[in-house]
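Worksheet: the structure to be examined is printed underneath.
The values are calculated or read from the model by the stated rules, or taken from the named source; none is laboratory data. Just so it is clear, the structure is predicted and the values come from calculations on it, not from any experiment. Cβ placement follows ideal geometry from the backbone for every residue including glycine, while neighbour counts extend to all protein chains displayed. In case anyone asks, the SASA skips ligands and DNA or RNA and just uses the protein heavy atoms, side chains included. Shrake-Rupley method; radii C 1.70, N 1.55, O 1.52, S 1.80 Å.
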Amino acid sequence: MSRWINLERVALLTLDESVHGCKILTQICRGFGIRTIRACTSVEEARNALTTAPFDLMIADPGASGDGVELIRWLRRQEQHPNRFIPIILVSGHSTPSSVRRARDSGANFFVAKPLTPATLLDRILWVSRDRRPYVEVGKYLGPDRRFKVEEPPTGLGRRNNDSTIDQEDTESAA
Amino acid sequence: MSHIVRTHRIENKLAKAVSTVGGMTVEDALAKAAQAVEEVRDECMDALDVKIAEIDAVTKSGKADPARVYALANEILNEAGAFGLSELSEAGRSLCELTSNWRDGASDMEPIRVHVVAMKSLRRSDVAGDSALRSAVIEGLRALTAKFAASGGRSAG
């Protein structure tokens, strides 16, 4: 039996500095039934859009310059921002080891290699919609907890003697 | 060294948006997405030719900006691949590999020109329709890029 999905109510922001790359991404998402799409072709345009409307999902190509990664880092650090913790899927073509590290540390929820195929992109969108990982803020990193298998602190009798980690848990609801 | 860890448990708004009734089957969504991409095929094919022509022009000028060539090659990788032009996409990837090794200042126009010739040939119908020829073109580019990478981006002689 086929699985049913409904993305009609998803408000999506896309960022791709290539006009045609942006069109391809947008067309795929329209095909999925997403009606509200803000398609941006520059980091500044995306930053402005993020400050003026709430979104449920962002799909961004960090671009050859990697400025898109900085946008994500900026967004994750905006206290009280309604879009601060929206799921973000990074989509990127050619990558170098340093660009992969930067993407991994950006705070995005998932990384998808281009060229895009509808099947892969839809699979990742549905994956992030099911993602229940908390966001963690430690050092310079603020993003989803990267421990996929252990999503909760271990139960036990207390801290190890040499563990000076201090947990400060905030329970927040999306704006 | 101690780290302060703050944990934020956030309601996933996307989950709520996706969980509404109605919509379509996954198969229908994929078919509609593929159809929607086809709607922009012609303009994207034209754009690919423009990008190849731009790389050609800057290499002929002898003043290619590696960052610009890299960006164009990356777009060719991404956009050709989205339409199933796997070899043209791979040619873009090969040029990305080549120019990403250039950022230390080394720059030789000749391997870029070879990539441009290969990309133009892959856009020709006689080559595009011959899978053996397409594979041979890509194998040649990979060997060329590997040779230049091994030589530190300078003329491999």
Total residues in region B:63-98, condition in a helix (DSSP H, G or I) and more than 17 Å from A:K114 (Cβ to Cβ): 5
Could you tell me which residue of region A:88-130 is farthest from the other protein chains (Cβ to nearest Cβ), considering only residues that are among the basic types (K, R) and open to solvent by 20 Å² or more (accessible area, probe 1.4 Å)? A:R104
In region B:43-69, which residues are at pLDDT below 95 and within 11 Å of chain A (Cβ to nearest Cβ)? B:P66, B:A67, B:R68, B:V69
Looking for something of a type in the set (A, V, I, L, M) and facing chain A (nearest Cβ under 9 Å) - is there at least one such residue anywhere in region B:98-108? no
Scanning region B:1-21 for residues that are within 7 Å of chain A (Cβ to nearest Cβ) and hydroxyl-bearing (S, T, Y), the one farthest from B:A82 (Cα to Cα) turns out to be B:S2
What number of residues within region A:133-145 satisfy the criterion of being more than 7 Å from chain B (Cβ to nearest Cβ) and either without any contact (Cβ under 8 Å) to a residue 40 or more places away in the chain or in contact with a Pro (Cβ under 8 Å, 6 or more places away or on another chain) (or both)? 5
Search result, residues across region B:22-42 that are within 7 Å of another protein chain (Cβ to nearest Cβ) and open to solvent by 40 Å² or more (accessible area, probe 1.4 Å): B:G22, B:E27, B:L30, B:K32, B:A34, B:Q35, B:E39
Kindly establish whether B:A47 is in contact with a His (Cβ under 6 Å, 6 or more places away or on another chain) and not in a loop (DSSP other than H, G, I, E, B). yes
Any hit, region B:20-43, residues being assigned to a helix (DSSP H, G or I), within 22 Å of A:A119 (Cβ to Cβ) and touching a residue at least 12 places away in the same chain (Cβ under 8 Å): yes
State the number of residues belonging to region B:1-19 that are more than 15 Å from A:I125 (Cα to Cα) and either open to solvent by less than 30 Å² (accessible area, probe 1.4 Å) or part of a helix (DSSP H, G or I) (or both). 3
Can you report the number of residues in region B:118-130 which are open to solvent by less than 80 Å² (accessible area, probe 1.4 Å), assigned to a helix (DSSP H, G or I) and modelled with pLDDT under 90? 2
